[in-house]
Amino acid sequence: MFNFVPPGSYLLTAEATGFRPTAVTDILVQVSKVTTIDVRLEPGDRRANSR
């Protein structure tokens, strides 16, 4: 949970060992509203996507 996030549009990225990184774009945070984002990480070798 993140408190006191300024209103606006956000990009969320998530990664974990043994999973492919993922991103969620255009997350809209509004004043006095709760924003919930469900992130699904797919199994895989993270190194396959790195440069």
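For the structure I just gave you, tell me whether R51 is modelled with pLDDT under 95, out of contact with any helix residue (DSSP H, G or I) (no Cβ under 7 Å at 6 or more places or on another chain), on the phi < 0 side of the Ramachandran plot and assigned to a loop (DSSP other than H, G, I, E, B). In short, yes.
Scanning region 1-30 for residues that are assigned to a strand (DSSP E or B) and either surrounded by 13 or more Cβ atoms within 10 Å (Cβ to Cβ) or aliphatic (A, V, I, L, M) (or both) returns Y10, L11, L12, A14, F19, T22, A23, V24, I27, L28, V29. Checking each residue in region 5-32 for being more than 20 Å from G44 (Cβ to Cβ) and among the aromatic types (F, W, Y) picks out only Y10.
The values are calculated or read from the model by the stated rules, or taken from the named source; none is laboratory data. Remember, predicted model here, so these are calculated numbers, not experimental data. Methodologically, a virtual Cβ is constructed for each residue, glycine included, from the backbone with ideal geometry; neighbour enumeration extends over all protein chains shown.
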